[in-house]
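J.: Please see the structure below; I have some questions.
We did not get these values from a lab; they are worked out from the coordinates using the rules stated. All values derive from a computational prediction rather than experimental measurement. Note: ideal-geometry Cβ built from the backbone for every residue, glycine included; neighbour counts use all protein chains shown.
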Amino acid sequence: MTGENERTASPSVLSTESEESAEAGDLFLRSHPQLVHGSKMIAMTIPAGLKPRSRIFRVLLVLLLLAAIVAAGWCRWVYVQIESYADQDQAAPSDAICVFGAAEYDGRPSPVYRARLDRAFQLYKRGIAPLIITLGGDGGDAYSEGGVGRQYLIGKGVPEQEIIAETQSRNTEESARRIAVIARTNGLRRLVIVSDGTHLFRIHEICSAEGLNVLTSPRPVVPVEGGVSEFDRILHETLSYTAWRLHVH
């Protein structure tokens, strides 16, 4: 009986002890209200500080992803345009043939420049246009690209009076502006542009922006030792065209 009484009394004793502990805890917290307030502040401030940062990070991540998608789409579109112009010969009867300059060495055109000039000469012989305009300024020595091109074509039998040498431009944009001046001065309404295939899309767009009506004709591909790879040429044209569209100089 004694054992049974002890066993049946145990829950009451435990309950009483728990209630006393809870009352003591409540009394302690009431006597130290700053602890309650501090714990609530910690619970409130930690999530509130982390959530805005998390949202900002997600927004930035989405913006970066969108920018990457737009950039990839833009590069793809430019690449398609470059390849399209490089693969087609638009040459048709016009008022003049314009040859964009390239490197020259002591008065002799480089293999690339010679290929451009030879293409212009072929079009001239086919009767595409009665006039050839050679373009390009200082070649880094005593000669200009335009002047070297002019002399090369004279050597191939083109009459001197049927060649105009532009010798001031230093890049594609300047060449296009000089063509516009020459065209207006001489009443030239349609032009055939000769250059590297990968160069033609950018030339066409810049000339069109200058108000010129231009067709394009790529030079033949020539093997050049140590020349620039196709990938590098397309990358250069993509970046240059993008910079021109963004007015970055």
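J.: If neighbour count is taken as other Cβ atoms inside 10 Å, put 164, 56 in order from fewest to most.
T.: Exposure proxy ranking, most exposed first: 56, 164.
J.: Another question about this same structure. How many nm separate the modelled label positions at residue 57 and residue 208, each set 7 Å beyond the Cα in the direction of the Cβ?
T.: Modelled inter-label distance: 4.6 nm.
J.: Let me ask something else. What are the ³J(HN,Hα) values, in whole Hz, obtained from phi via the Karplus relation 6.51 cos²θ - 1.76 cosθ + 1.60 with θ = phi - 60°, for each residue of the stretch 68-75 in sequence order, with x given for Gly and Pro?
T.: Going residue by residue, I get 5, 5, 4, 4, 5, x, 5, 4 Hz, with x marking Gly and Pro.
J.: Just to check I understand the Karplus step: with θ = phi - 60° and J = 6.51 cos²θ - 1.76 cosθ + 1.60, what whole-Hz values come out for the stretch 93-107, glycine and proline as x?
T.: x, 9, 8, 7, 10, 10, 10, 6, x, 8, 4, 9, 10, 6, x
J.: Another question, if that's okay. Provide the per-residue ³J(HN,Hα) series for the stretch 155-167, in order, calculated from phi with Karplus coefficients 6.51, -1.76, 1.60 and θ = phi - 60°, each as a whole number of Hz, with x at glycine and proline positions.
T.: For the stretch 155-167, the Karplus curve yields x, 8, x, 7, x, 4, 6, 9, 10, 10, 9, 9, 10 Hz.
J.: Return the long-range amide H neighbours of residue 213 (sequence gap of 5 or more, or a different chain), with a cut-off of under 5 Å between placed amide H atoms.
T.: 191
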